[in-house]
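The values are calculated or read from the model by the stated rules, or taken from the named source; none is laboratory data. The shown structure was predicted, so the numbers you read here are calculated from the model rather than taken from an experiment. Cβ placement follows ideal geometry from the backbone for every residue including glycine, while neighbour counts extend to all protein chains displayed. When the accessible area is computed, the model is the full protein with side chains, heavy atoms only, and any ligands, DNA or RNA have been set aside. Shrake-Rupley method; radii C 1.70, N 1.55, O 1.52, S 1.80 Å.
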Amino acid sequence: MAHRSPGRRLFAALTLTGLLASAACSAPGSDSGSTETDASAAPVTSATCGTGPVTLKGYFETGFPLPKNLSDEFTKQFPNVKWDIREDQFAVITQNAPRVLTDDPPDLMRLPQVSELVKDGLLKNLDGYAQAFGWDKWPASQLEQMRVSSTGERGDGPLSAMGLNFSMTGVFYNKKLATQIGMTQPPATLAEFDTVLQKAKDAGLVPINQFNGGATGGLAFPLQNLMAAYGDPAAINQWIFQKSGATIDTPTNLQATQHLEKWLKAGFFAPDINSQDYATMMSRFIGGKNLFIFDGDWESGNLDKQMAGNVGFFLMPSAQAGGKRAAMSAPLTYGISSKAKNADCAAFFLNWVATNQQARDIAVEVGGSHPMGPADAYMPEVAKDTVTASTLAAGATIGQDNGAMDFIANATGAIYAKGWTPQLQKLAAGQQKPDALLKSVQKDYESQVKD
Amino acid sequence: MPHPSTGRRARRARRSRVAWIGWLFALPAVVMYATFVLRPLLLTVQYSFYDWNGIGSSTWVGLANYGRLVTDPELFATIGHAFELILFFSLIPVLLGLFVAATIRGIARSRLATVARTVLFLPQVIPLVAAGIMWSWLLSSTGLANELLSAVGLGRLTRAWLGEFGTALPAVGIIGAWVLVGLCTLLLLAGMSKIDPALYEAARLDGAGPVREFASITLPSLRQEIGVCVTVTVIAALASFDIVYIATQGGPGNSTMVPGLEIYYLAFSEREVGMASALAVALVILVLACVIPLQRFARDAR
């Protein structure tokens, strides 16, 4: 017995030493340094998919048929291009993005917040393509959110991603219930909106239903709308774009948060919002269980089908009569991995999505949102009484008022799940004060931006 | 005539060769274990000393991550939640399991016992994710739990059980209890079947009632099985992830955030791999600190 143990001990020691050596000899991540950051985009003369067989590797978001429909149409027009598509939920894509872009680089990928991906040099600089295809001649606001400087600040710098279309958000309402409480046209001011909400409450309806459960604090939608109703959307964008010195803890944002708290205390929201996910909110709204939801035009096509003729849309009214309107409006962001094999073909596809007539039809009919591209580009006909028509028209208003904002949830990769969501859930439960809420989110934001 | 010492040397050589051949047989398993258990474990320890986002370059920060662990109230709260879950994951299943096992043993001959065993063990067979989804329906504001309450005139108590600060963690705990009661019952039943029936007979001759029988014979004889139950369930509580992730994702407002979930958020959402590793190492130590004394207690029975 005794003489066997030295062998065993020796073996164990050898194994352990080997493991330690292999584990501890280098600091983690040092091998994947930022050598591949091609800070200057190579000039592109012609990016096409060629004529030989190409398989584009795509990583798309589950539950949204737009990219799949577009890729099918693309193959119809360019039969040499086949697709190898992987789909995941957005939350999974968010968590996987850095690893997938490094280890299994897709040619085309649905992207979460891009700042950190750019800092790590994981995304292809698209400036060369922008010049070659003339994307730089489009309205600058379309691409602004996807321009990222090397420090992670957004708003200007090299183009790191593209949109398949850009979304518009606001308030959807059930027309039948609206008539029932005498709302004949959308409220023009915040005060009018308050009155409508009170009327709905008095009539025994659920005025607003909004998902706010799990890790998805949907109260961020009305909150940001209220922020822009009280304050300047440009200042909110500064914060989202990580401009140095920007803060969310401003007097007008405090007014907005207090207004949201007032709505919560008045019982304008369904009592169980903290347990509802997005799908529950949608099914209840479609089932006619409440008057309003705060949501985006990616649902327009769906709602036109499921609540045909019974659903309306308006932009959040300003706090002042005749005040400018603002809305969260963001491109449906897709990017190309810096290690992608078929980057040229992927860029050609992105350009095709914005400029091809059939592609633009699909972008509106399936996606519900406004296509990317030049201001005077072809627009598909949309029936006037649909909610799709209202959301597209709202886009024009926002353009005039210069009121497009990105989402406060997109300021950093983790600010939504770890900052806004728990804080808004606490606000909904009456366990947090507006002032402390903004301070807490600002603190999280600063520590995340610093990293 | 061989020298005695050479004979011993030859024998020793043969034996050590046998030992090495033994290791050769174990090699595939050892390699797998080293690659998929030991190496990740050591790497986690290593990462915990760095500030690293998982992709870019890393900075050595020494014990700073561990420092934050004890100073950040949000991180510390997750450990408190895990201990609260022990109440539901361990105490309830073990107590209920004892009661149910004793009852089933009492009716061991009837078919009802088989049915009861199967029904109680069913939650173990259902994937935890499915269980979580099912329970989040049952506990939703329009779910069965609230409908039952309304039906018996307790409509005032109805609420979104998983969506309120006061009830979310207990509600998650109930899901865990439901899953683990079956396991404990089955383990304890197996233990009971090993007890010599003569002991019960003797006790009955001495005039002991069912309560006395349970306290003096059943309970002491089950010490080891109870030890196993408590160990398994305490680990399940401290390292819980799947049920919480499906039912609440840590919400509302972090009220059900547990270390396992926080590690996941830190690593994949906040991309603080170093901090996540530090919390993971702390969790391993915490689990060991709880489980080793339990094991010792169970073994002392012998």
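Based on Cα atoms of the stretch A:167-276, Rg over Rh with Rh as the Kirkwood radius reads 1.00. Heavy-atom accessible area with a 1.4 Å probe sorts B:Ile195, A:Ile286, largest first, into A:Ile286, B:Ile195. Within the stretch B:154-225, none of the chymotrypsin sites (Phe, Trp or Tyr not before Pro) combine a DSSP coil assignment with at most 16 other C-beta atoms in a 10 angstrom radius. Rounded, prolate or oblate: which one fits the stretch A:342-399, using the alpha carbon gyration tensor with axes a ≥ b ≥ c (rounded when a/c is under 1.5, else prolate when a/b beats b/c, else oblate)? Prolate shape, in that a/c is at least 1.5 and a/b is the bigger ratio. Place a label point 7 angstrom from the Cα of B:Arg39 along the Cα-to-Cβ direction, then list the residues of the stretch A:73-100 whose backbone nitrogen is under 18 Å away. In the stretch A:73-100, the label zone of B:Arg39 (backbone N under 18 Å from the point 7 Å along Cα→Cβ) covers no residue.
Assuming R0 = 41 Å, what is the FRET efficiency of A:Arg99 and B:Trp20, from their Cβ-Cβ distance, to the nearest 0.05?
Working: r = 40 Å, r/R0 = 0.98.
Result of the calculation: an efficiency of 0.55.
Rounded to a whole number of µm²/s, how large is the Stokes-Einstein D of the stretch A:407-451 at 10 °C and 1.306 mPa s, given Rh as the Kirkwood radius over C-alpha pairs? In µm²/s, the coefficient rounds to 151.
Normalised by the number of residues in the stretch B:1-147, what is the relative contact order in percent for Cα pairs under 8 Å and 6+ residues apart? This gives 6 percent for the stretch B:1-147.
Take A:Arg147: with every protein chain present and a 1.4 Å probe, its accessible area is about 50 Å². GNM on chain B, alpha-carbon springs under 10 angstrom: the most fluctuating residue among B:Arg17, B:Arg39, B:Arg117 is B:Arg17. Among A:Asp202, A:Asp304, the sequence by solvent-accessible area, most first, with a 1.4 Å probe is A:Asp202, A:Asp304.
Modelled this way, with points 7 Å down the Cα-to-C-beta line, the labels at A:Ala393 and A:Lys176 are 2.3 nm from one another. For the stretch A:96-180, the fraction of C-alpha pairs farther apart than 14 angstrom is 69 percent. Heavy atoms of the protein chains alone define the surface here; on that basis chain B has 55 Å² accessible area per residue at 1.4 Å probe size. Taking A:Cys49, B:Cys290 and ordering them by how much accessible surface each has at a 1.4 Å probe, largest first, produces B:Cys290, A:Cys49. Once C-alpha pairs closer than 8 Å and six or more residues apart are averaged by separation and normalised to the residue number of chain B, the relative contact order reads 28 percent.
Given the Cα-Cα distance of B:Glu74 and B:Thr114 and 0.36 nm per residue of separation, how much length would full extension add, in nm? Write down the numbers at each step before the final one.
Values: separation 40, 0.36 × 40 = 14.40 nm, distance 4.62 nm.
Residue separation times 0.36 nm, minus the Cα-Cα distance, leaves 9.8 nm.
Computed with a 1.4 angstrom probe on protein heavy atoms, the A-B interface buries about 3400 square angstrom of accessible area in total.
Which length gain, in nm to one decimal place, applies between A:Gln258 and A:Asn80 when the Cα-Cα distance is subtracted from 0.36 nm times their residue separation? Write out the running numbers ahead of the final one.
Working: separation 178, 0.36 × 178 = 64.08 nm, distance 5.68 nm.
Residue separation times 0.36 nm, minus the Cα-Cα distance, leaves 58.4 nm.
Whole-percent P(r), the stretch B:1-133, all Cα pairs, 10 Å bins from 0: 9, 15, 17, 19, 19, 13, 7, 1.
In angstrom, the C-alpha Rg and Dmax of the protein assembly as shown are 30.9, 117. Averaging the Cα positions of each part gives two centres, and for the stretch B:67-104 and the stretch A:163-186 these lie 46 Å apart.
Interface burial in the stretch B:263-289 reaches 50 Å² or more for B:Phe268, B:Ser269, B:Glu270, B:Arg271, comparing the full protein assembly with the chain by itself; accessible area from heavy atoms with a 1.4 Å probe. If the chain linking A:Asp72 and A:Thr48 were pulled fully straight, counting 0.36 nm for each residue of separation and taking away their Cα-Cα distance, it would gain 6.9 nm.
Put simply, the Cα atoms of chain B extend 94, 69, 30 Å along their principal axes, the longest span coming first. As a size descriptor, the averaged projected area of the C-alpha convex hull of the stretch A:263-380 was calculated at 11.5 nm².
The solvent-accessible area of A:Ile240, taken with every protein chain present and a 1.4 Å probe, is close to 0 Å².
When the listed pairs A:Lys305/A:Lys384; A:Lys201/A:Lys289; A:Lys243/A:Lys265 are checked against a 24 Å cut-off, the alpha-carbon distance exceeds it for A:Lys243/A:Lys265.
Does anything in the stretch B:24-61 have its amide N under 18 Å from the 7 Å Cα→Cβ label point of B:Ile285, and if so which residues? The answer is B:41-51, B:61. Taking every residue in B:139-148 and counting other chain Cβ atoms within 10 Å of its Cβ, the average works out to 2. Counting Cβ atoms of other protein chains within 10 Å of each Cβ in A:101-114 and taking the mean gives 0. Size descriptors for chain A, from the alpha-carbon set: Rg then Dmax equal 24.4, 93 Å. Can you give the accessible area of A:His259 in Å² (nearest 10), computed on protein heavy atoms with a 1.4 Å probe? Ignoring ligands and nucleic acids, A:His259 comes out at about 10 Å². Once the Cα atoms are used to define both axes, helix A:387-401 deviates from the longest principal axis of chain A by about 80 degrees. Size of the stretch B:202-243: Rg and Dmax of its alpha carbons, in Å, are 16.0, 50.
In order along the stretch B:268-283, the Karplus-derived 3J(HN,Hα) couplings, from 6.51 cos²θ - 1.76 cosθ + 1.60 at θ = phi - 60°, round to 9, 9, 8, 6, 10, 5, x, 5, 4, 5, 4, 5, 5, 4, 4, 5 Hz, and Gly and Pro are given as x. From the alpha carbon centroid of the stretch A:376-451 to that of the stretch B:227-257 is 32 Å.
Where the centroid of each part is defined by its Cα atoms, how far is the stretch A:291-350 from the stretch A:208-242 in Å? Centre-to-centre (Cα) distance: 15 Å. How far, in degrees from 0 to 90, does helix A:66-77 lean away from the longest principal axis of the Cα atoms of chain A, to the nearest 10? The helix A:66-77 is inclined about 70 degrees to chain A.
Averaging sequence separations of C-alpha pairs under 8 Å and six or more residues apart, then dividing by the length of chain A, give the relative contact order as a whole percent.
Normalised by residue count, the contact order of chain A is 23 percent.
Pairing the Cα long axis of helix A:190-202 with the longest principal axis of chain A, what angle in degrees results, from 0 to 90 and rounded to the nearest 10? The angle comes out near 80 degrees.
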